[in-house]
Amino acid sequence: WYQRRVREAVVSTQSTGEVDDESELATVLLDYAASILPTLATAIGGAKFAPYYKMFLPLLLPKNNLCKKNWASGTVAEMIQKTGPAVTPFAETLLNYFLKGMKDSSPDVVSNCVFGIGALAEACGPALAGQYPKFLEVLAPLLKENGDGRTMDNVLGAVARMIKTQPDAVNLSLVLPAFVQWLPLREDMEENVTVYSCLRYLLGAGALNTHLPALVPIFAAELSNRKVGEEGRAELAQIMTAVMTGYPDLMKNFGQDDLAKLQGLLVNNGS
């Protein structure tokens, strides 16, 4: 999606008459690079790709130019996902870049950097677990009324990645009330798989009990939401099946027609 945002930024610049053929060509090249670098990391493997960060990072972390910042922040975040634990030696540089980017005036840059923090936490595992309180401290203010929808979705995705990666490093009693408050996701539907797989994990660990009365209606409604995506709905189906089996009292507020519809959705989504 950030590639699309880059193109939109260029169109906006064109409307002001401040763009020329050279910048248009540069944008096309950026789009290609945005798809090639993460793909290359996947193709050759994270361990073999990681040494190239020394060469790529100085080129990928521009200090100015909104178009390039949008592109770079998203590309670097996706590269981290594809590189995995081998990115750990570069964690400090990347973390500083993302934390600085979260103060940017562009919502797209902020959203990309939030996603990057979650990807970095997931990739580096225990190496960054000690910094989770700092991450949560800078992420929390982004969850607010009239906040940027995509950024807020990416905050929930980042927190979900931390919980699944190092659950003991997250104070669930403090984090979960806010996490639950801002569900369901608004714009970045790709993060549904991450969020709901985390909630399924927490349900199995018995950590969601006090939040289930608020969550069950969300789960049931989102199970029929095609925007959630097939994988996201499959996660929801597993959650709802476990709830109906283990917490039948929570289903008493559902009428017979609603329960029949819900059962049909569970069957359709593979549960």
Looking at (1) at pLDDT below 80; (2) in contact with a helix residue (DSSP H, G or I) (Cβ under 8 Å, 6 or more places away or on another chain); (3) open to solvent by less than 70 Å² (accessible area, probe 1.4 Å), find the lone condition where G17 falls short. (2)
Which residue pairs have Cβ atoms closer than 7 Å, lie 6 or more positions apart in sequence or on different chains, and pair a first residue in the range 176-196 that is over 17 Å from F115 (Cα atoms) with a second residue that is in a loop (DSSP other than H, G, I, E, B)? A178/L143
Any chance K134 is open to solvent by 20 Å² or more (accessible area, probe 1.4 Å), assigned to a helix (DSSP H, G or I) and without any contact (Cβ under 8 Å) to a residue 12 or more places away in the chain: yes
Among residues of the range 115-131 being outside any helix (DSSP H, G or I) and small (G, A, S), the residue nearest to A72 (Cα to Cα) is G125
Quick one: in the range 193-227, which of the residues that are of a type in the set (G, A, S), out of contact with any Leu (no Cβ under 7 Å at 6 or more places or on another chain) and under 21 Å from L143 (Cβ atoms) is least open to solvent (accessible area, probe 1.4 Å)? S197
What about A41, is it in contact with a Ser or Thr (Cβ under 9 Å, 6 or more places away or on another chain), of a type in the set (A, V, I, L, M) and either open to solvent by 70 Å² or more (accessible area, probe 1.4 Å) or part of a loop (DSSP other than H, G, I, E, B) (or both)? no
Given the options K54, K68, K48, K82, name the one that is over 23 Å from A160 (Cβ atoms), in contact with a Pro (Cβ under 6 Å, 6 or more places away or on another chain) and of a type in the set (D, E, K, R). K68
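A quick yes/no check of all residues on (1) open to solvent by 10 Å² or more (accessible area, probe 1.4 Å); (2) among the small types (G, A, S); (3) part of a helix (DSSP H, G or I):
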| residue | (1), (2), (3) |
| --- | --- |
| I80 | no, no, yes |
| F90 | yes, no, yes |
| S105 | yes, yes, no |
| N112 | no, no, yes |
| P141 | yes, no, yes |
| R150 | yes, no, yes |
Filtered residue count, the range 61-78, keeping only those that are modelled with pLDDT of 90 or more and open to solvent by 30 Å² or more (accessible area, probe 1.4 Å): 1
Tally of residues being open to solvent by less than 100 Å² (accessible area, probe 1.4 Å) and free of Cβ contacts under 8 Å to residues at least 24 places away in the same chain across the range 252-271: 5
Of all residues in the range 152-192 being farther than 28 Å from A127 by Cα and in contact with a helix residue (DSSP H, G or I) (Cβ under 7 Å, 6 or more places away or on another chain), the one that is surrounded by the most Cβ atoms within 10 Å (Cβ to Cβ): L185
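The values are calculated or read from the model by the stated rules, or taken from the named source; none is laboratory data. Quick caveat: nothing in here was measured; it's all calculated off a predicted structure. All Cβ positions, glycine included, derive from the backbone under ideal geometry; neighbour counts span all protein chains shown. For accessibility, only protein heavy atoms count, side chains too; no ligands or nucleic acids. Shrake-Rupley method; radii C 1.70, N 1.55, O 1.52, S 1.80 Å.
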